[in-house]
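Single-structure report; data block below.
The values are calculated or read from the model by the stated rules, or taken from the named source; none is laboratory data. Note that this is a predicted model, so its numbers are computed, not measured. Cβ placement follows ideal geometry from the backbone for every residue including glycine, while neighbour counts extend to all protein chains displayed. The protein model used for the area step is the full one, side chains on, heavy atoms only, and it has no ligands, DNA or RNA in it. Shrake-Rupley method; radii C 1.70, N 1.55, O 1.52, S 1.80 Å.
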Amino acid sequence: SQTIHQWPATLVQPVGSPLSLECTVEGTSNPNLYWYRQAAGRGLQLLFYSVGIGQISSEVPQNLSASRPQDRQFILSSKKLLLSDSGFYLCAWDSYTGELFFGEGSRLTVL
Amino acid sequence: LAKTTQPISMDSYEGQEVNITCSHNNIATNDYITWYQQFPSQGPRFIIQGYKTKVTNEVASLFIPADRKSSTLSLPRVSLSDTAVYYCLVGDFNAGNNRKLIWGLGTSLAVNP
C-alpha cells in the first residue's frame, strides 16, 4: 500500500533562518507531488507541484522553493524565513486517479 | 478557470442528513468534482468524486446537476465525529503540467448532540 510521510511535524524557527521540509512517498512510482500551505486552519494554498523529477511548477511567487531530487521525494526550502511563512504545510501525492493523498502536515511557527 | 464557492459554516444535529453545496460556474469540460474532509492538524482526506449525475459510496453521496455548475455533498445521519471542515475541489487530474486544481475555502460543519 502507498504511504506518505513528511517531517518534521513541528518546527519553530526565528525570522531569517533557513527551512527544509521533507516529504517521501512509498508504494508507488512517478507520483505527482504537491506542497500546500494552510494558514489559520482554513483554505489550502498550492505552493508547488511536480509531475516528475526536476519538474517543478510554482503557483505563488515567494521566498520558498521546492526540489524533487528523487522520484518519490519532495523538499520545500527557504533561505530566509519571514513571519508570514508561518502555517501548516501539507505534502500530497496523486497518480492521475483524481484522489489526493496528504501527509500528516508540518506546523511551522516563525518568531 | 473554475472558481469554487461554498458556505463558510453549517450546523447540524446527530442523526440528521447534511447537504453542503459548492458552486463552480466556470467548470471546464474535463474537470472532476472531489470532496475532502479535514480534521484539525491533519491533512484532508478523500470522501467522494464525481463528474455528473449521482455518485454514492459507503460514507456519502454526491449530486451533480446536468449543467455541472454546482455539486452537493450529502452526509446521511451525521454523528459527532463528522464535525470537520469539508472542501470542494474542482480540476482535471489528467492535465499534466497544466493541471489547475481549484479548492474551495471549506465549510466548517459542527454536529451537535
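Scan the range B:83-96 and tell me whether some residue there is in a helix (DSSP H, G or I) and within 14 Å of chain A (Cβ to nearest Cβ).
Restricting attention to the range B:83-96, the residues satisfying the condition of being in a helix (DSSP H, G or I) are B:96.
Pick out the ones that are also within 14 Å of chain A (Cβ to nearest Cβ) and you get B:96.
Yes: one or more hits.
Looking only at the range B:38-53, which residues are farther than 13 Å from B:TYR87 by Cα and either buried (at least 19 other Cβ atoms within 10 Å of the Cβ) or more than 12 Å from chain A (Cβ to nearest Cβ) (or both)? If you could, list the steps in order and put the result at the bottom.
The first filter runs over the range B:38-53 and keeps only residues farther than 13 Å from B:TYR87 by Cα, leaving B:40-42, B:50-53.
Answer for the range B:38-53, where residues must be farther than 13 Å from B:TYR87 by Cα and either buried (at least 19 other Cβ atoms within 10 Å of the Cβ) or more than 12 Å from chain A (Cβ to nearest Cβ) (or both): B:GLY50, B:LYS52, B:THR53.
Looking across the range B:59-80, the residues that are in contact (Cβ under 8 Å) with a residue 40 or more places away in the chain, within 10 Å of the chain's Cα centre (by Cα) and open to solvent by less than 20 Å² (accessible area, probe 1.4 Å) come down to B:SER71, B:LEU73, B:SER74.
Just one of the listed residues (A:SER67, A:SER50) is out of contact with any Gly (no Cβ under 7 Å at 6 or more places or on another chain), without any contact (Cβ under 8 Å) to a residue 12 or more places away in the chain, assigned to a strand (DSSP E or B) and surrounded by 15 or more Cβ atoms within 10 Å (Cβ to Cβ), and it is A:SER67. Is at least one residue of the range B:9-22 over 13 Å from the mean Cα position of the chain (by Cα), without any contact (Cβ under 8 Å) to a residue 60 or more places away in the chain and closer than 28 Å to A:CYS91 by Cα? No, there is no match, as no residue in the range B:9-22 is over 13 Å from the mean Cα position of the chain (by Cα), without any contact (Cβ under 8 Å) to a residue 60 or more places away in the chain and closer than 28 Å to A:CYS91 by Cα. In this structure, B:THR29 does not qualify as more than 29 Å from A:LEU108 (Cα to Cα) and under 14 Å from the mean Cα position of the chain (by Cα). Just one of the listed residues (B:THR21, B:THR29, B:THR83, B:THR56) is modelled with pLDDT under 95 and open to solvent by 30 Å² or more (accessible area, probe 1.4 Å), and it is B:THR29.
Scanning the range A:70-111 for residues that are closer than 13 Å to A:LEU33 by Cα, in a strand (DSSP E or B) and more than 13 Å from every other protein chain (Cβ to nearest Cβ) gives A:GLN70, A:GLN73, A:PHE74, A:ILE75, A:LEU76.
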